[in-house]
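Here is the structure we will look at.
Every number in this text was worked out from the coordinates using simple rules, so none of it is lab data. Values in this document were obtained by computation on a predicted structure and should not be read as measured data. FYI the Cβ positions are ideal-geometry reconstructions off the backbone, even for glycines, and counts take in every protein chain you see.
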C-alpha cells in the first residue's frame with residue numbers, strides 16, 4: 001500500500017513538473033524578444049553549436065556530407081535534452097540553414113508517456129530534400145512531425161555508411177547521440193516553432 005501511494009505521488013509530481021517545464025518553455029514567443037545584445041549572444045551560441053554538430057555528423061557518419069549537400073535546407077538542433085520518468089519531455093534550440101547560411105532560429109518540444117527514466121541529450125538534424133518541403137516548413141507558424149510532414153530516419157547500411165540514393169523522403173532526419181546514429185526512434189508529435197531572437 002505504501003509503495004502504491006509512493007508511486008502515485010511520484011507520478012503526480014513528475015507529471016506536474018513536466019507540465020511546469022513545458023509551460024515555461026512554451027510561453028509565448030514574445031517573451032523571447034529580450035535585449036539586442038542578449039539575442040545576438042544567443043544566436044552566436046546556437047550557430048557555434050550547429051557548426052560543431054555538423055562537424056561531428058560528417059566525422060562519424062559516412063555519406064552524411066553528400067546527403068546534406070543535396071538538401072535544400074538543414075534544420076539543426078545540437079542538443080535536445082530529454083528527461084522524464086513516467087511522463088517525459090524534450091526541448092532544444094537550433095537553426096535553419098539554407099545555402100550554408102543561417103536564415104532562422106527554432107525550438108523543438110515534445111512530450112511522451114510511458115516507461116522511461118533519466119535524462120539524455122541528442123542532436124536532431126532535419127534535411128529538407130525538396131524545395132516544396134522547405135517552403136512548407138518556412139511558411140508555417142508551428143510545424144509538427146507527422147502532422148505537417150512525414151519524416152524518414154536516416155540509417156546506416158551494412159557497409160557502415162548511408163546510401164544517399166535511397167534517402168528519397170521529402171524530409172530526412174539524423175538522430176545523433178554520443179554513441180552514434182540512432183535509427184529506431186519515433187519523432188511523431190515533435191513540434192518545431194520559430195524563435196524570435
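Sticking with the crude label model, points 7 Å out along Cα→Cβ, report the distance from residue 43 to residue 152 in nm, one decimal please.
That separation, rounded to one decimal, is 3.5 nm.
Report the label-to-label distance for residue 130 and residue 79 in nanometres (one decimal), using points 7 Å from each Cα along the Cα→Cβ vector.
Reported label-point gap for residue 130 and residue 79 is 3.6 nm.
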